[in-house]
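Chemist: I have a structure here, written as structure tokens, and I will follow up with some questions on it.
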Amino acid sequence: MKILAINSSPKMDKGSTAMILTPFLDGLKECGGEVEVLYTKKLNVKHCLADYTCWIKTPGVCVLDDDINSIVLPKVRDADILVLATPLYVDGMSGPMKCLVDRFIPLGQPYMKMVDGHCRHGFLGERHGELKIVLVSACGFWELDNFDSLVAHVRAIAKNLNGEFAGALLRPHASAMRPMIDAGIDIKDIFKSARDAGRELARDGKISQSTLNNISRPLLPLEDYVNNANTFFSEIIEKYKKETSV
């Protein structure tokens with residue numbers, strides 16, 4: 001079982017997204033998964049030209065000379081599970097992740113077919129099995145429904161890749177995690193559930209809703225979170241003003 005995770009957090013393995021992604025991948029590894037992580041920050045990925053060269057002149061190969069052809073697409077084609085890990089930016093995935101996903105077009109073919117009463121592009125070449133796609137995301141807002149548009153987007157991506165959306169590990173008010181850990185507050189169950197999610201996906205082919213729910217569970221009351229966040233930024237702004245005042 002090969003797992004490819006793509007993390008588009010600018011903080012890479014030090015961000016809140018990685019705090020959920022890492023134990024999830026550890027759970028997959030424990031069950032024999034072969035895991036590789038790519039960081040968009042380290043990749044050279046140009047914007048799609050939308051000229052369809054990859055469909056017409058060089059099927060499956062993009063005309064742009066960057067890491068998509070040499071690194072990303074071969075690994076996506078070979079993966080059993082694709083994990084898209086991104087912080088929530090303006091109700092969606094981060095720009096680098098969207099730019100990379102746009103470049104998935106060479107994976108398909110120009111000819112359309114009907115799938116469950118809906119037109120889709122076929123996958124270029126035969127896969128050894130159905131691709132499972134998992135979303136991992138973290139955001140600063142308190143409510144879970146802030147992820148709704150992102151989840152819908154990744155579900156659509158899975159359909160367009162003729163794959164299966166296998167679940168979303170979502171962590172709202174993620175910016176509270178490190179301060180709570182530093183304060184000695186025990187939130188280890190969050191990370192245990194992320195690891196359990198990896199084990200469940202590897203073992204059962206799916207992640208239980210109870211496990212996903214615990215990953216997203218409230219860490220503190222909404223009012224407390226808002227007050228703490230506002231106090232934090234007020235202190236940072238005042239500190240900056242003092243440091244830059246003449």
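Chemist: Any residue at all in segment 180-190 that's outside any helix (DSSP H, G or I) and surrounded by 12 or more Cβ atoms within 10 Å (Cβ to Cβ)?
Modeler: Checking segment 180-190: at least one residue is outside any helix (DSSP H, G or I) and surrounded by 12 or more Cβ atoms within 10 Å (Cβ to Cβ).
Chemist: State whether one or more residues within segment 1-14 are touching a residue at least 40 places away in the same chain (Cβ under 8 Å), β-branched (Val, Ile, Thr) and not in a loop (DSSP other than H, G, I, E, B).
Modeler: Yes.
Chemist: Can we say ASP51 is within 21 Å of GLY122 (Cα to Cα), within 16 Å of the chain's Cα centre (by Cα) and touching a residue at least 12 places away in the same chain (Cβ under 8 Å)?
Modeler: Against the criterion (within 21 Å of GLY122 (Cα to Cα), within 16 Å of the chain's Cα centre (by Cα) and touching a residue at least 12 places away in the same chain (Cβ under 8 Å)), ASP51 does not qualify.
Chemist: On to the next question. Scan segment 221-240 residue by residue and report those that are polar (S, T, N, Q) and under 28 Å from the mean Cα position of the chain (by Cα).
Modeler: ASN228, ASN230
Chemist: Determine, yes or no, whether VAL63 is within 23 Å of THR17 (Cα to Cα), free of Cβ contacts under 8 Å to residues at least 24 places away in the same chain, out of contact with any strand residue (DSSP E or B) (no Cβ under 9 Å at 6 or more places or on another chain) and surrounded by fewer than 18 Cβ atoms within 10 Å (Cβ to Cβ).
Modeler: Judged against the criteria, VAL63 is not a match.
Chemist: In the set ASP66, ASP26, which member is farther than 24 Å from ILE215 by Cβ and either modelled with pLDDT of 95 or more or over 18 Å from the mean Cα position of the chain (by Cα) (or both)?
Modeler: Just a single option satisfies the conditions, and that option is ASP66.
Chemist: For the subset of segment 21-42 comprising residues that are in a strand (DSSP E or B) and not aliphatic (A, V, I, L, M), which member is farthest from ASP189 (Cα to Cα)?
Modeler: Ranking the qualifying residues of segment 21-42, first place goes to TYR39.
Chemist: Within segment 211-230, is even one residue surrounded by 15 or more Cβ atoms within 10 Å (Cβ to Cβ), assigned to a helix (DSSP H, G or I) and among the acidic types (Asp, Glu)?
Modeler: Checked segment 211-230: no residue is surrounded by 15 or more Cβ atoms within 10 Å (Cβ to Cβ), assigned to a helix (DSSP H, G or I) and among the acidic types (Asp, Glu).
Chemist: I've got another one for you. Looking at SER193, is it surrounded by 14 or more Cβ atoms within 10 Å (Cβ to Cβ) and without any contact (Cβ under 8 Å) to a residue 40 or more places away in the chain?
Modeler: Here the answer is yes, as SER193 does meet what is asked.
Chemist: Of the conditions (1) over 17 Å from CYS31 (Cβ atoms); (2) within 12 Å of the chain's Cα centre (by Cα); (3) surrounded by 18 or more Cβ atoms within 10 Å (Cβ to Cβ), VAL151 clears all except one; give me its number.
Modeler: (3)
Chemist: With at pLDDT below 95, surrounded by 14 or more Cβ atoms within 10 Å (Cβ to Cβ) and either touching a Leu at 6+ places or on another chain (Cβ under 9 Å) or of a type in the set (Asp, Glu) (or both) as the only criterion, which of GLY33, GLY92 stands out?
Modeler: GLY33
Chemist: Within segment 120-130, can one find any residue that is touching a residue at least 24 places away in the same chain (Cβ under 8 Å), under 24 Å from ALA202 (Cα atoms), crowded, with 19+ Cβ neighbours inside 10 Å and of a type in the set (Lys, Arg)?
Modeler: no
Chemist: Moving to a separate point now. Being in contact with a helix residue (DSSP H, G or I) (Cβ under 8 Å, 6 or more places away or on another chain) and not in a loop (DSSP other than H, G, I, E, B) is the filter here; which residues of segment 43-62 pass it?
Modeler: CYS54, TRP55, listed by residue number.
Chemist: Another one. Quick test for you: out of ILE157, ILE181, ILE185, pick the one residue that is within 19 Å of the chain's Cα centre (by Cα) and either of a type outside the set (S, T, N, Q) or closer than 22 Å to ARG77 by Cα (or both).
Modeler: ILE157
The values are calculated or read from the model by the stated rules, or taken from the named source; none is laboratory data. In this text, all values refer to a predicted model and were calculated from it rather than measured experimentally. Ideal geometry is used to build each Cβ from the backbone, glycine not excepted, and the neighbour counts take in all protein chains shown.
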